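Remarks on the structure that follows.
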Amino acid sequence: MTGIEARQAFLQWLEQERRASPLTVEAYGTDLAGFLGFMTGHLGGEPDLVALGALQPADFRAWLASMANDNAVNATRARHLSAVRSFYKFLARRHGVENASVSLVATPRSRRPLPRALPPADALGVTTDIAEMQDTAALQARDTALFTLLYGCGLRIAEALALDIRDAPRVGGDAPLRVIGKGSKQRIVPVLPAVRQAIDAWLARHPNRVPDAPLFLGARGKRLDPAVAQKVMRDYRRLAGLPEHATPHALRHSFATHLLAGGADLRAIQDLLGHASLSTTQRYTAVDEAQLMAVWRKAHPRA
C-alpha cells in the first residue's frame, strides 16, 4: 500500500466510522497531503507503508522545519503534526505499522499573545464616556459603575458580574473588595474612591437592593449577561474609534500595564490579578518593553 492509498483509507475511516464532519476530513486530508508530498521529495520517491514505518525523528523534524521555512506559525505546524500522529495511530491499528519516532518529536509551542492594553487616556475615557451608549439614567449609571470597576480593580468580566449587593464597595467605607476568581480562589482587591462613587451612583438607581441580589442587572432584572457588556463595549469602541482589542478584558490588561508602568511591584500585581503563577504576570513586563521600544523607534533620530 502506498502512502496516498493509506491516506485515502484513513480519510474513509474518519468519515464512515468516526463520523467526522466533512470539514474535519478535508482538513486532515490537506495536512496529510502536505506531509506525504514532503516525504516524497525528502526520500526520493513516494513512501509506502514500509518507508512510513522506518521514518526517523530527524525526518519528521525536517518536515516541520520545511513548514517553518514557508512561514507556517507554530500553531499550524502543531496542527499538522497532530494530524500525522492520528494517521500513524490508524496505521498501527489497521496495518500494523508501528513508528515510535513520531511521538518523540516535540510539538511546536505557540507563543501566547501579549496582553493588549489601552493607553491611559483611552481607558479613562471608557469609564467616563461609556454611559453615552444608553438612553436611561439607570443603565448609564450601571455601565459607568461596571466599567469603572473593571479598570479600577482589574477584575475579569465574569468576576464583576458574579458580585452581589452585599459585596458592593460603598462610599465612606475602606474595606477591600473580596473577589472569587478562577478555581474558586478568593483574593482581596483595594477599591479606589472613584470606583466607590460609581458603585454608589448605580446603587441609588438599583431596582432591588437586597443583599443577595446581583449587583449588576440586565434589562429583565436578572444578573447581567457578559454578552451584553461585550456589546456595550463593542458599540462604544466603534463610536470612539478605539481598536478592535478594546474589550472589557482589555481594561484588566490596562489595569496591570498601567500599574507596572507606574512602578508597582510585579508580585503585588500578581496578587491583585489573582494569577496562580508569576510567569503569567510577567507577560506584562514584555508589554512594557514593547512600548518602550515603540517609543524609541519613533523618537530616536537614528531609529
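Can you find a residue in the range 106-126 that is without any contact (Cβ under 8 Å) to a residue 60 or more places away in the chain, farther than 30 Å from Ala261 by Cβ and in contact with a helix residue (DSSP H, G or I) (Cβ under 6 Å, 6 or more places away or on another chain)? Yes, the range 106-126 contains a residue that is without any contact (Cβ under 8 Å) to a residue 60 or more places away in the chain, farther than 30 Å from Ala261 by Cβ and in contact with a helix residue (DSSP H, G or I) (Cβ under 6 Å, 6 or more places away or on another chain). When Arg234, Arg166, Arg252 are screened for being under 23 Å from Gly125 (Cα atoms), out of contact with any strand residue (DSSP E or B) (no Cβ under 7 Å at 6 or more places or on another chain), touching a residue at least 24 places away in the same chain (Cβ under 8 Å) and not in a loop (DSSP other than H, G, I, E, B), only Arg252 passes.
Put simply, of Thr40, Thr76 the only residue that is of a type in the set (S, T, N, Q) and closer than 19 Å to Phe10 by Cα is Thr40.
Please enumerate the residues belonging to the range 51-82 that are touching a helix residue (DSSP H, G or I) at 6+ places or on another chain (Cβ under 9 Å) and among the charged types (D, E, K, R). Across the range 51-82, the qualifying residues are Asp59, Arg77, Arg79. Please list, ordered by first then second residue, the pairs with beta carbon atoms under 8 Å, 6 or more apart or interchain, first in the range 53-70 and of a type in the set (S, T, N, Q), second at pLDDT 95 or above. Taking only residues 6 or more apart or on different chains, the pairs are Ser66/Phe38.
The set of residues in the range 101-121 being over 14 Å from the mean Cα position of the chain (by Cα), surrounded by fewer than 14 Cβ atoms within 10 Å (Cβ to Cβ) and within 17 Å of Arg77 (Cβ to Cβ) consists of Ser103, Leu104, Ala106, Thr107, Arg109.
Just the residues that are acidic (Asp, Glu) and under 25 Å from the mean Cα position of the chain (by Cα), please, taken from the range 133-171. Selection gives Asp143, Glu159. Do the conditions hold for Leu163, that is, is it under 23 Å from Gly274 (Cβ atoms) and not assigned by TED's automatic domain parsing to the domain that holds Arg234? The answer is no for Leu163. Within the range 266-277, residues that are closer than 18 Å to Tyr151 by Cβ and touching a residue at least 60 places away in the same chain (Cβ under 8 Å) sit with their Cβ atoms under 9 Å from residues that are among the small types (Gly, Ala, Ser) and in a helix (DSSP H, G or I), at 6+ positions apart or across chains, in these pairs: Leu272/Ala256; Leu273/Ala256. Counting only residues that are of a type outside the set (S, T, N, Q) and in contact with a helix residue (DSSP H, G or I) (Cβ under 9 Å, 6 or more places away or on another chain), which one in the range 6-17 is farthest from His95 (Cα to Cα)? Filtering first and then ranking leaves Glu15. Within the range 36-65, being touching a Lys or Arg at 6+ places or on another chain (Cβ under 9 Å) and under 18 Å from Ala92 (Cβ atoms) holds for one residue alone: Leu36.
In the range 30-44, is there at least one residue being within 17 Å of Pro108 (Cβ to Cβ) and not hydrophobic (A, V, I, L, M, F, W, C)?
Within the range 30-44, one or more residues are within 17 Å of Pro108 (Cβ to Cβ) and not hydrophobic (A, V, I, L, M, F, W, C).
Within the range 169-185, which residues are at negative phi and not in a loop (DSSP other than H, G, I, E, B)? Hits for the range 169-185 are Leu177, Arg178, Val179, Ile180, Lys182. Within the range 195-226, the set of residues being free of Cβ contacts under 8 Å to residues at least 60 places away in the same chain and within 22 Å of Phe255 (Cβ to Cβ) comprises Val195, Arg196, Gln197, Ile199, Asp200, Leu215.
The values are calculated or read from the model by the stated rules, or taken from the named source; none is laboratory data. Given the structure is predicted, the values throughout are model-derived calculations rather than measurements. For neighbour counting, all protein chains shown are included, and Cβ atoms are generated from backbone atoms with ideal geometry for every residue, glycine included.
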